[in-house]
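Colleague: Before I ask anything, here is the structure I am working with.
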Amino acid sequence: MKHTSARVESPHPIVLIGAGGIARDAHLPAYKKAGFRVTGIFDLDRAKAQSLADAFAIGNVADSLEQAVRTAPEGAVFDVATPAAALLCVIPHLPNGSGLLMQKPMGETLAQAREIRELCRSKSLTAAVNFQLRFAPAIQAARRLIAEGAIGDLHDMEVRVSVYTPWHLWTFFYGIPRVEILYHSIHYLDLMRSFLGDPHRIYAKTLKHPKMVQLASTRSTMMLDYGDTIGASISTNHGHEFGLKHQESYVKWEGTQGAIKTRLGLLMDYPKGVPEETELCQLSEGGPAEWKRIEVEGSWFPDAFIGTMSNVMNFLDGVDERLVSSVEDAYRTMALVEAAYGSSSRGGTPVSYD
């Protein structure tokens, strides 16, 4: 059965709302690579919008959100690449029945996510959240291998990130109450849901770094509860400032007959990154376990952003049967994020040393 296609026969025009770093480094390079046409751009900082318009040949730099919407071509998809707090300010201005791809997260809290979901429903928007890690080429390759039975029955999934992240590139993070899980590890929570389904419970702790006290949190440890036989864990540390030698950034899947591991090279030495690498190990009777490299074309940035936008366009045109990261599905990821913060605030079980 056909669900999604990366190819778009008749690309819709795109109107970009937001001209920050993610638009510059991912959205626009992805659309240029895919041959998508961005017809308009708006940002509260007009100079930033003009700079991107000049760099990516965008014809219309709007002076206001209302103008960006009013001058949008028929059938345009609105690509809202703003901080989460701005989503509820932007979405009410979009035309009813239009296509929308909003940058993650879907609001800063579950309450905001609920408002966004209801707003999208009331306006009959074809709305998705840009959980683009699902569409990263290496993730897609792993998904195909698992579906083909290459590693047997999947029973363990692990994400490990120990890198040095230059948080100063995103100044809006300073002073907000939620950072690491909401804006970063949300990708991994969403990814695990896409492979394993919704967990029963989550155990989590997120904390500050002593050298980054102006940020709410930069390190998290989480375990998703899928019962007694399926493991799912996430560990992130964005303060490993001791060089690349012992930095790590990977997703690993283990099954009854093999394993897959992919390095998320973008996160190491960000924003330069290091090459991505995907390996497969399959058990064989009597032979040693050997890891073999799997060749994968493309990388998380910018290729995954082609996938999310392609899915919205193809769903609008009836080519794809499923809107992969619809607001309805994304809401469930936001519920998991909220539960993680709840777990972190409640704390662990006290130890009795008597």
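No value in this document is a laboratory result; all are computed from the given coordinates. Computed from a predicted model, the values in this text were never measured in an experiment. Heads up, the Cβs are rebuilt from the backbone with ideal geometry, glycines too, and the neighbour counts pull from every protein chain shown.
Colleague: For a Förster distance of 22 Å, can you work out the FRET efficiency between the beta-carbons of ARG70 and LEU44, rounded to the nearest 0.05?
Modeller: Efficiency computed from Cβ-Cβ geometry: 0.80.
Colleague: While we're on this one: Cut-off 18 Å, label point 7 angstrom out along Cα-to-Cβ of GLN257: give me the residues of segment 146-165 whose amide nitrogen falls inside.
Modeller: Only 146-156 pass the distance filter.
Colleague: Explain nothing, just the number: relative contact order of segment 14-130, from Cα pairs under 8 Å at least 6 residues apart, as a whole percent.
Modeller: Relative CO of segment 14-130 lands at 24 percent.
Colleague: If you don't mind, there's one more thing I want to ask. Between segment 51-108 and segment 16-32, what's the alpha-carbon centroid distance in Å?
Modeller: Result: 12 Å between the Cα centres.
Colleague: Further question on the same structure: Divide by every residue of the chain the summed helix terms, -39500 (n - 2.57) for each DSSP H run of at least 4, and state the resulting mean residue ellipticity at 222 nm, rounded to the nearest 500 deg cm²/dmol.
Modeller: Working: 9 runs with 100 residues, N = 354.
When only DSSP H runs of four or more count, the value is -8500 deg cm²/dmol.
Colleague: Now a separate question. Let me check I've understood the local charge: for LEU336, count other residues with C-beta under 12 angstrom from its C-beta, Lys and Arg +1, Asp and Glu -1. What total comes out?
Modeller: Its environment carries a net charge of -2.
Colleague: With each pseudo-label sitting 7 Å past Cα toward Cβ, what's the ARG7-SER124 distance in nm, one decimal?
Modeller: With each label point 7 Å from Cα toward Cβ, the separation is 3.2 nm.
Colleague: With labels modelled as points extended 7 Å from the Cα through the Cβ direction, what inter-label distance (nm, one decimal) is found for LEU207 paired with SER284?
Modeller: 4.5 nm
Colleague: If R₀ is 25 angstrom, what is the calculated FRET efficiency for the pair LYS292 and ARG332, using the beta carbon separation as r and rounding to 0.05? Don't skip to the end; give the middle numbers.
Modeller: Numbers: r = 35 Å, r/R0 = 1.41.
With a Förster radius of 25 Å, E is 0.10.
Colleague: Just add up the charged neighbours of GLN140: K/R +1, D/E -1, any other residue whose Cβ is under 11 Å from the Cβ of GLN140.
Modeller: +1
Colleague: While we're on this one: Sort 89-98, 14-23 by packing, meaning the average of other beta carbons within 10 Å per residue, with the highest value first. Show your work: numbers first, answer last.
Modeller: Numbers: 89-98: 15.1, 14-23: 23.8.
Descending mean neighbour count gives 14-23, 89-98.
Colleague: Mind sorting ASP156, ASP190 by how few other Cβ atoms lie within 10 Å of their own Cβ, fewest first?
Modeller: Details: ASP156 16, ASP190 24.
Going from sparsest to densest Cβ surroundings: ASP156, ASP190.
Colleague: Would you compute the Debye intensity of segment 134-302 from its alpha-carbon atoms alone, equal scatterers and no solvent, and pass along log10 I(q)/I(0) at q = 0.12, 0.15 Å⁻¹ to two decimals?
Modeller: Normalising to I(0) and taking log10 leaves -0.58, -0.88.
Colleague: On to the next question. Under a plain spin-label model, where a point goes 7 Å from the Cα along Cα-to-Cβ, how far apart in nm are LYS272 and ARG24?
Modeller: With each label point 7 Å from Cα toward Cβ, the separation is 1.8 nm.
Colleague: Among PHE42, TYR183, MET268, which residue has its Cα positioned farthest towards the positive end of the charge dipole of the chain, with +1 placed on the Cβ of Lys and Arg, -1 on the Cβ of Asp and Glu, and the dipole taken about the Cα centre?
Modeller: Farthest towards the positive pole: PHE42.
Colleague: Now for a separate question. Amide H neighbours of MET106 under 5 Å, at least 5 residues apart or on other chains, H built in the peptide plane: list them.
Modeller: none
Colleague: Further question: Exposure proxy check: ARG46, ARG121, ARG219 ranked by fewest other beta carbons within 10 Å?
Modeller: Going from least to most buried by this count: ARG121, ARG46, ARG219.
Colleague: Please report, in whole Å, how far the alpha carbons of the chain spread along each principal axis, starting with the longest.
Modeller: Taking the Cα atoms of the chain, the three principal extents are 64, 49, 40 Å.
Colleague: Ranked highest first by average number of other Cβ atoms within 10 Å, how do 260-272, 123-135 line up?
Modeller: Result, highest mean first: 123-135, 260-272.
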